[in-house]
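The values are calculated or read from the model by the stated rules, or taken from the named source; none is laboratory data. All figures in this text were calculated on a predicted structure; none of them were measured in a lab. Note that we place each Cβ from the backbone using ideal geometry, even for glycine, and neighbour counts take in every protein chain shown.
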Amino acid sequence: MSLNSEVTRRLRVVFVGHVDHGKSTLIGRIFHDTKSLPDGKVEQIQAACKEEGMEFEYAFLLDALLEEQAQNITIDTTQIQFKTAKRPYVIIDAPGHKEFLKNMITGAASADAAVLLIAANEGVQEQSRRHGYLLSLLGISQVVVAVNKMDLVDFSQARFDEVVAEYKAFLSQIGLEARQFVPVSARNGFNVDAPAPAEMPWYSGPTITQMLDTFEPPKSLAELPLRFPIQDVYRFDDRRIIAGRIEAGSLKVGDTLVFSPNNKTSVVASIEKWNAPKTDSAVAGESVGITLTEQIFVDRGHVASHEADAPIESNRFKARLFWMGKRNLTIGERTKLKLTTQELDAEIVSIEKIIDASTLDVAATARGDIARNDVAEVTIQTRGALVMDNADRNALMGRFVIVDNRQVAGGGIIFGGTYTDRTKVKSQNIFWSEGEVTAAHRALRNGYKGAVVWLTGLSGSGKSTLSQALERELFNTNHHVYVLDGDNVRHGLNSNLGFSPEDRVENIRRVAEVAKLMADAGVIVVTAFISPYRADRRRAREIALAGGCEFVEVFVDAPIAVCEQRDPKGLYKKARAGEIKEFTGVSAPYEAPADAEITVHTDRESLAESVARIMEFLKPRLRGEESVTI
């Protein structure tokens, strides 16, 4: 696909609406009135209707499935092409029935714009609100609202204005604004492709198709940062061809690519295309194979990008999730998450907010599960590192689906992730040395994986005491374990760092890098650092995950009054006297974790209880088995 064809690709428009509000009739009418149907199609349907003794309806043009006609509802997402005098389109017909909302999300996820139907005689329904919220959730801002069946309310302007006022008020609550409300009679073709001045002289705005022609064309995917998810790796002679589809951006021979996760780099040696002339470049939309100058290990699910604009990689992220499963999704329940070619075990570790998509009411009390058709803001953890983007930066890499019992049961968008400039990680003349013995070999011999267990909390919360007790417990159960203590590290490795915000950032970065190397060697590394800033702890997680290591954050939680009462090193007393500057909890902030894997409360738990809870979480995770959320 060339750059020009990518820029001018068809505008994808999803049609949504409450069941029986006339969506199929409107779509059928558009195809008829724009002369986009195959020759003889209308006559074929008319003949079939006559044979069955039925009156012809434009909705039948879309009813390709016998089951649809029997149930009189659209049950699947259909994509059909049509064109106006200005440009070509793809209509995505998404079902309106509540039972088939997952099909609606599947269709709308790839749309550039939307037509949302509301029947004038029935007005705004629960599904009308839910569909509007889902469009907002998916980031679709180009929306036209068709107020259909105006013939059933005698083309009343007052009724049209009433529907417009109610729905416009709802949309404003979710930050969505319709570009236009159009009074329509799809059955008669009024204001679909041609205006209806005689029936509705009070409306002089655009028709539905005229409104679609005003929508901005989709931004060229080739202009976005490179995202090349790997589908497979093939061997031909002595060559390894890495195959996949370029979802965004472009690449050329000679480009240095970084493969996430694991942050490995190599240079593109050649670009291979099937049944096509040899080329030195490729762009979004093309399925290609590439070879590399340096043979590094990459596999299905890895994502190639340029170093200067790499994606996020983490096993823990924030998302807005719409759940459509037949049963409630509970915290800690293991499901399957899919994003491009990636497929990982995942679980909800916390639910921050649950929203009723039709009323926008927020659940008054905290819940441990998400019910069908709920929208929730959640924290998700995956078994390994997930490569992703925030949806507002790259929707293709920021939208995912949840699979339950081999069925799509939920979908969501990612937000709030932190990007890392990987060009600052190393110079072009430094290369990662791959050893003969890998972390997988060590895990196979040891019977468990190396990991980083990151203890964070205020001074005096009990981190050092807990880390030493945990070290002893792991050692006694035949694990290779080592504690990296905050004070010990500052005696040597970080002796040149102070306690300014900048030095704290560098302190944690160095510790994370050392912990990653030790975990790669098969050691369970327990760190005991205040690490007061969430961004620094998130960066430590990303460093560990980039090295293929397990990362577990433990919040050692104790009220500051308790910590100050303990004050084992007399630091709080000195800080209160002004002898210590930038002391966390007194003159410097501590940002408590919002979604740590484990929280222990040392003010009300015994040391043995805290160690036992951490061990209960760690053991199955280190063995690669099911884990529990504490």
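In the stretch 107-135, which residue that is polar (S, T, N, Q) and crowded, with 19+ Cβ neighbours inside 10 Å is modelled with the lowest pLDDT?
Here the residue is Gln127.
Might you let me know whether the stretch 462-478 holds any residue that is assigned to a loop (DSSP other than H, G, I, E, B), surrounded by 17 or more Cβ atoms within 10 Å (Cβ to Cβ), touching a Ser or Thr at 6+ places or on another chain (Cβ under 9 Å) and in the same structural domain as Ala596 (by TED's automatic domain parsing)?
yes
Among the numbered criteria (1) modelled with pLDDT of 90 or more; (2) within 31 Å of the chain's Cα centre (by Cα); (3) not basic (Lys, Arg), which one does Cys563 miss?
Exception for Cys563: condition (2).
Give just the number: which of (1) more than 16 Å from Val483 (Cβ to Cβ); (2) modelled with pLDDT under 90; (3) of a type outside the set (Phe, Trp, Tyr) does Ser531 not satisfy?
Ser531 satisfies all of (1) more than 16 Å from Val483 (Cβ to Cβ); (2) modelled with pLDDT under 90; (3) of a type outside the set (Phe, Trp, Tyr) except (1).
Give me the residue from the stretch 114-148 that is within 20 Å of the chain's Cα centre (by Cα) and outside any helix (DSSP H, G or I) and, out of that set, nearest to Val90 (Cα to Cα).
Checked the stretch 114-148; the qualifying residue nearest to Val90 (Cα to Cα) is Ile140.
Go through Ser266, Ser314, Ser250 for me and flag whichever is buried (at least 19 other Cβ atoms within 10 Å of the Cβ), hydroxyl-bearing (Ser, Thr, Tyr) and closer than 30 Å to Asp374 by Cα.
The match here is Ser314.
Taking the residues in the stretch 282-295 that are farther than 11 Å from Gly249 by Cα and not in a loop (DSSP other than H, G, I, E, B) as candidates, determine which candidate is nearest to the chain's Cα centre (by Cα).
By that ranking, first place goes to Ser287.
Out of the residues in the stretch 508-522 that are more than 14 Å from Phe551 (Cα to Cα) and surrounded by fewer than 21 Cβ atoms within 10 Å (Cβ to Cβ), which is nearest to the chain's Cα centre (by Cα)?
Arg509
Residues are listed down the side, and each one gets a yes or a no for (1) among the acidic types (Asp, Glu); (2) at pLDDT below 90; (3) farther than 25 Å from Arg538 by Cβ:
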residue	(1), (2), (3)
Arg316	no, yes, no
Leu321	no, yes, no
Val362	no, yes, yes
Leu386	no, no, no
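Would you check which residues across the stretch 487-502 are over 27 Å from Gly548 (Cβ atoms) and surrounded by 15 or more Cβ atoms within 10 Å (Cβ to Cβ) and list them?
Answer for the stretch 487-502, where residues must be over 27 Å from Gly548 (Cβ atoms) and surrounded by 15 or more Cβ atoms within 10 Å (Cβ to Cβ): Arg490, Leu497, Phe499.
Go through Val505, Val562 for me and flag whichever is touching a Lys or Arg at 6+ places or on another chain (Cβ under 9 Å), outside any loop (DSSP other than H, G, I, E, B) and surrounded by fewer than 19 Cβ atoms within 10 Å (Cβ to Cβ).
Exactly one of Val505, Val562 is touching a Lys or Arg at 6+ places or on another chain (Cβ under 9 Å), outside any loop (DSSP other than H, G, I, E, B) and surrounded by fewer than 19 Cβ atoms within 10 Å (Cβ to Cβ), namely Val505.
With the checklist (1) farther than 18 Å from Phe551 by Cβ; (2) not in a helix (DSSP H, G or I) in hand, flag the one item Val525 doesn't pass.
In the conditions (1) farther than 18 Å from Phe551 by Cβ; (2) not in a helix (DSSP H, G or I), Val525 misses (1) alone.
The conditions are (1) in contact (Cβ under 8 Å) with a residue 40 or more places away in the chain; (2) buried (at least 21 other Cβ atoms within 10 Å of the Cβ), and Thr291 fails exactly one of them. Which is it?
Checking Thr291 against (1) in contact (Cβ under 8 Å) with a residue 40 or more places away in the chain; (2) buried (at least 21 other Cβ atoms within 10 Å of the Cβ), the one that fails is (2).
Being within 26 Å of the chain's Cα centre (by Cα), over 27 Å from Arg541 (Cα atoms) and part of a strand (DSSP E or B) is the filter here, so list the residues in the stretch 237-275 that pass it.
Residues satisfying the conditions are Ile242, Ala243, Gly244, Arg245, Ser250, Leu251.
Can you name every residue in the stretch 565-611 that is of a type in the set (Asp, Glu) and either part of a loop (DSSP other than H, G, I, E, B) or closer than 22 Å to Ser500 by Cα (or both)?
Asp567, Glu579, Glu582, Glu591, Asp595, Glu597, Asp603, Glu605
All but one of (1) hydrophobic (A, V, I, L, M, F, W, C); (2) over 29 Å from Gly123 (Cα atoms); (3) part of a strand (DSSP E or B); (4) touching a Ser or Thr at 6+ places or on another chain (Cβ under 8 Å) hold for Ala222; state the number of the condition that does not hold.
(3)
Select, from Tyr234, Tyr167, the only residue that is in a helix (DSSP H, G or I), in contact (Cβ under 8 Å) with a residue 40 or more places away in the chain and either within 13 Å of Val145 (Cα to Cα) or not assigned by TED's automatic domain parsing to the domain that holds Ala120 (or both).
Tyr167
Residue-by-condition table, conditions (1) of a type in the set (D, E, K, R); (2) farther than 25 Å from Gly412 by Cβ:
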| position | (1), (2) |
| --- | --- |
| Tyr133 | no, no |
| Leu138 | no, no |
| Lys149 | yes, yes |
| Leu152 | no, yes |
| Val182 | no, yes |
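Please go through the stretch 388-427 and give me each residue that is surrounded by fewer than 18 Cβ atoms within 10 Å (Cβ to Cβ), outside any loop (DSSP other than H, G, I, E, B) and at pLDDT below 80, ordered by number.
Thr423, Lys424
Among the residues of the stretch 186-201, is any crowded, with 22+ Cβ neighbours inside 10 Å and of a type in the set (Val, Ile, Thr)?
yes
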